[in-house]
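What follows is a single structure, written as C-alpha cells, with notes after it.
The values are calculated or read from the model by the stated rules, or taken from the named source; none is laboratory data. Since the structure is predicted, the reported quantities are computational estimates derived from the model, not experimental observations. Don't worry about glycine lacking a Cβ; one is built from the backbone with ideal geometry, like all the others, and counts go over all protein chains shown.
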Amino acid sequence: MIFGQQPSPSKLFRELQGVQLVHSSNVEAISEEDGAGKAHHGNHGLQLRSAPVYVQGNQLLPTPQDQPRWKTAWESRPAWFRVLDCEHNGDRSVLETLVNVVTSLPFVAVGLQAPRKKPAARMYANSLIGVGMASCFYHVSRGEARKLFRFGDYAMIATAAVCLTSALRDDNSRALMLASAMFIPVQPMVVTVLHTGFMEATFLRRAQTEPKLRRAHSLHTLSSVVGSALFVADDLYPNTPYIHAAWHLAAALGVATCTKLLE
C-alpha cells in the first residue's frame, strides 16, 4: 500500500461509461426511487448506480437516447446537409478522380452557352462556370483542404440557384435575395433546395402556357428524378465508384434544360 494523498473517486470512475457518482446524503432517495437496496461506499460516501451517461473529457453527458428527438434527428442528418463536415468518400483512385473531373466540365460548357441577354442571366451563366470549376477543384483536392473545397462546391451550387431565381423573376423580393446570400455560408444546401423549388414552380407554370417549353420540361423532369435518385444513392453507398460522376451528368442535363427558360 502506498501512503500519501489518495486519488479522488471521481478520477477513478470518470473513464467508466454508464456510472454515476452520488453523494451518500442522496443514497436513500435514490434507493427508494429505484426500488433498490441501500448500498454506498463507506469511505467516501459514494454510491455506484447505472445511469444512461457517457464520458467526454471530464464531463458526464446523457446518451443520445436521452436527448430531445429534434436534436437526435439534427445530429444524424446526412453528410451533405452539414457545413464543413461534408467530406465525400469518393476519388479513391486516379481514374475515379479523372472521371469526376471530366463529368464536371459539362457545367462549364452549359455556362458558356447559356443566354446572356440580361445582367442577371449573365451572372447565372458565369455562376454555372463557377460550379464546374469548384467541382473540379474539390475532386482533385486532398487532405484537410478537401473539406474546404467541398463546402466551396456546395456554396457555388447555392449561388447558381440564387442567380437563376434572379434571372427568371423580375419581381424578386430584395429581402429574400439578401437573406439567401447571407445564409449561403451557414447552410448552402437549404438555399439550394429553396431556390430550386422556385425554379421548378416557374418551369412547370411556363411549360403549361408555352408549348415550346414542354419538351424541355419533360426532359428536365426526367433528369431531375434520375439525378435525385443518384444523389441519394451516392450518400447511401459512398463506396460505390462512379455514382457521383453519373449524378454530375444528370445534374448537368437538368441545368441545360433550365437555360431554355432564359431564351
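Just to be sure before I move on: is Val140 closer than 18 Å to Leu105 by Cα, in the same structural domain as Pro106 (by TED's automatic domain parsing) and surrounded by fewer than 19 Cβ atoms within 10 Å (Cβ to Cβ) in the structure I sent? Give the derivation first.
Numbers: closer than 18 Å to Leu105 by Cα: yes; in the same structural domain as Pro106 (by TED's automatic domain parsing): yes; surrounded by fewer than 19 Cβ atoms within 10 Å (Cβ to Cβ): yes.
Yes: the conditions hold for Val140.
Which condition does Gly254 not pass, out of (1) out of contact with any His (no Cβ under 8 Å at 6 or more places or on another chain); (2) in contact (Cβ under 8 Å) with a residue 24 or more places away in the chain, if it passes all the others?
With (1) out of contact with any His (no Cβ under 8 Å at 6 or more places or on another chain); (2) in contact (Cβ under 8 Å) with a residue 24 or more places away in the chain applied to Gly254, the lone miss is (1).
Name the pairs whose Cβ atoms lie under 6 Å apart, with the first residue in the stretch 176-188 and surrounded by 13 or more Cβ atoms within 10 Å (Cβ to Cβ), the second in a helix (DSSP H, G or I) and of a type in the set (Gly, Ala, Ser), and 6 or more positions between them or separate chains?
Once the first residue is surrounded by 13 or more Cβ atoms within 10 Å (Cβ to Cβ) and sits in the stretch 176-188, its partners that are in a helix (DSSP H, G or I) and of a type in the set (Gly, Ala, Ser) give Ile184/Ala155; Ile184/Ala158; Pro188/Ala155; Pro188/Ala158.
Which one of the conditions (1) surrounded by 13 or more Cβ atoms within 10 Å (Cβ to Cβ); (2) among the charged types (D, E, K, R); (3) modelled with pLDDT under 90 does Asp171 fail to meet, given that it meets all the rest?
Status for Asp171: all satisfied but (1).
To keep it simple, each residue is scored yes or no on (1) in contact (Cβ under 8 Å) with a residue 12 or more places away in the chain; (2) under 24 Å from the mean Cα position of the chain (by Cα); (3) more than 22 Å from Thr257 (Cβ to Cβ).
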{"site": "Arg116", "(1), (2), (3)": "no, no, no"}
{"site": "Arg122", "(1), (2), (3)": "no, no, no"}
{"site": "Val131", "(1), (2), (3)": "yes, yes, no"}
{"site": "His139", "(1), (2), (3)": "yes, yes, yes"}
{"site": "Ala145", "(1), (2), (3)": "no, yes, yes"}
{"site": "Arg150", "(1), (2), (3)": "yes, yes, yes"}
{"site": "Asp153", "(1), (2), (3)": "yes, yes, no"}
{"site": "Ile157", "(1), (2), (3)": "yes, yes, no"}
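Let me confirm something: among Ala216, Ala245, Ala233, which residue is more than 22 Å from the chain's Cα centre (by Cα) and either in a helix (DSSP H, G or I) or not assigned by TED's automatic domain parsing to the domain that holds Cys258 (or both)? Spell out how you get there, then give the answer.
Values: Ala245 fails: more than 22 Å from the chain's Cα centre (by Cα); Ala233 fails: more than 22 Å from the chain's Cα centre (by Cα).
After applying the criteria, what remains is Ala216.
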